[in-house]
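Chemist: Before I ask anything, here is the structure I am working with.
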Amino acid sequence: MWHFLNDNARLDWERVQQNSLLINGGLDIQTPVSLNQPAFQDYLKVKTNLAYTTLPGINHVFQRAKTGDISEYGTIETTLDPEVLRVIFEFLEKD
């Protein structure tokens, strides 16, 4: 936990050289869009190898969800939402 509280993710992203896709679920309450999106958009200004997208209705573990609450994880039958896979495949096809 200490690592996450003191980590500066910006330094990590600045070192990334390969094309990378950053995905944020719109219902992600563990890494909320409201906190991540401004930072990721800031990275995109200087790192053209990064792509960022937000998927509405998707939780932290990339499942289609109603609330995004952690208690939903085990009740959702789909392991990985097909929309997430589509976005990943399209990114990989471009790379």
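Bear in mind that the values in this text are calculations on the coordinates, not laboratory data. None of these values were measured; they are calculated from a predicted model. A quick note on method: Cβ atoms are made from the backbone with ideal geometry, for glycine too, and the neighbour counts reach across all protein chains shown.
Chemist: What is the sum of charges around residue 65, taking Lys and Arg as +1, Asp and Glu as -1, for the other residues whose C-beta is under 14 Å from the C-beta of residue 65?
Modeler: Once all neighbours under 14 Å are counted, the net charge is -4.
Chemist: Eigenvalues of the Cα gyration tensor times 5, then square-rooted: what semi-axes does that give for the chain, in whole angstrom, largest first?
Modeler: Details: eigenvalues 113, 67, 23 Å².
For the chain, the ellipsoid semi-axes come out as 24, 18, 11 Å.
Chemist: Using alpha carbons only, how many degrees (0 to 90, rounded to 10) separate the axis of helix 33-46 from the longest principal axis of the chain?
Modeler: Result, in degrees: 30.
Chemist: What length, rounded to one decimal in nm, is gained on full extension from residue 85 through to residue 18, with 0.36 nm per residue of separation minus their alpha-carbon distance?
Modeler: Contour length minus Cα-Cα distance gives 22.1 nm.
Chemist: To continue, here is another question. Between residue 34 and residue 7, with labels modelled 7 Å along Cα→Cβ, what's the label distance in nm to one decimal, could you check?
Modeler: Going by the 7 Å Cα→Cβ label model, 2.3 nm.
Chemist: Using Cα atoms only, what is the angle between the long axis of helix 82-94 and the major principal axis of the chain, expressed in degrees (0 to 90) to the nearest 10?
Modeler: The angle comes out at about 30 degrees.
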